[in-house]
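Scroll down for the structure; my scribbles are underneath it.
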Ligand code: PTJ
């Protein structure tokens, strides 16, 4: 039992949830390590959404709303942490939700799809094919889903697929707390923020963004700017810690 007044209450509850989901076979064991890496970067960021991440989330909403065929890709960590938020984002954008896993088993896919459905998402499922140019199992996706998408949101990604999707001419929006990762550097747009903060910000932006603003924002997509802003935030906080 984690006491509510514990200074790291939120972090401990999240870890507990991930551990439970790992025991249930939803989160890959390796996903716990990935979460730890994310936590470390979030610590450097001050565990808050920065101004630049907020702007990136707004641009992401413009990208999703103007897309012809937007797809939200979901893995084990994302489902465990933000199934309800993903369902809300789907409603706000009309995007298709598709499960795509690195540590892929049919059993895990079904469990994650069920978790998403219980949270209110309409999951695009059915037989997948090995369609992406990758040697690992993230290559498996649906022809009418991710394969046909023009914009793909990839929270908590490993860099390979991001690179493959961009190579196929798709626009990729990444949510990654690590601004140095290959995913963050390869994506069309990276939101350097924690998943459960970033997804609601994108959904909220969808309700307030007008057509004209979408056009303006889409011209402002400069991934390097967002990465350098995040790095400045982190290094700035590090130097303050020495004062
Ligand atoms: O469910 P599967 O089988 O598809 O596996 C999922 C994992 C997460 C294990 C797999 O995609 C993986 O190994 O990812 P990586 O390469 O460790 O990358 C995860 C990235 O997400 C890292 O750069 C972390 O900093 C970042 N990250 C972790 N937790 C969060 C996060 N970013 C935003 N919000 C988080 N909560």
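All of the numbers you see were taken from the coordinates with simple rules; none came from a lab. Everything numeric here is computed off the predicted structure, so don't read it as measured data. Note: ideal-geometry Cβ built from the backbone for every residue, glycine included; neighbour counts use all protein chains shown.
Over all distinct Cα-Cα pairs of segment 73-174, the Kirkwood formula returns a hydrodynamic radius of 13.5 Å.
Ordering of 141-149, 32-40 by packing is 141-149, 32-40, highest average first (other Cβ atoms within 10 Å, averaged per residue).
Applying 0.36 nm per residue to the separation of residue 224 and residue 17 and subtracting their alpha-carbon distance, the gain on full extension is 71.2 nm.
Each peptide in 45-57, 66-78, 161-173 gets a packing score, the mean of other Cβ atoms within 10 Å over its residues, and the list from highest to lowest is 66-78, 161-173, 45-57. The convex hull built on the alpha-carbon positions of segment 170-233 has an orientation-averaged projected area of 4.7 nm². Counting 0.36 nm for each residue step from residue 10 to residue 24 and taking away their Cα separation leaves a gain of 2.9 nm. Projecting label points 7 angstrom from Cα along Cα→Cβ for residue 110 and residue 66 puts them 4.2 nm apart. Only helices enter the 222 nm calculation for the chain: every DSSP H run of n ≥ 4 contributes -39,500 (n - 2.57), and dividing by all residues gives -18000 deg cm²/dmol, rounded to 500. When you restrict to C-alpha pairs under 8 Å that are six or more residues apart and normalise by the size of the chain, the relative contact order lands at 23 percent. With a simple spin-label model that places each label point 7 Å from the Cα along the Cα-to-Cβ direction, the separation between residue 166 and residue 150 comes to 2.0 nm.
Note on residue 129/residue 43: beta-carbon distance plugged into 1/(1 + (r/R0)^6) with R0 of 45 Å gives a FRET efficiency of 0.65. Say R0 is 51 Å: what FRET efficiency, to the nearest 0.05, do residue 239 and residue 143 get from their beta-carbon distance? The calculated FRET efficiency here is 0.55.
Of the three principal axes defined by the Cα atoms of segment 51-239, the extents in descending order read 46, 33, 29 Å. Summarising the strand pairing of the chain, around 10 percent of its internal DSSP beta bridges are antiparallel.
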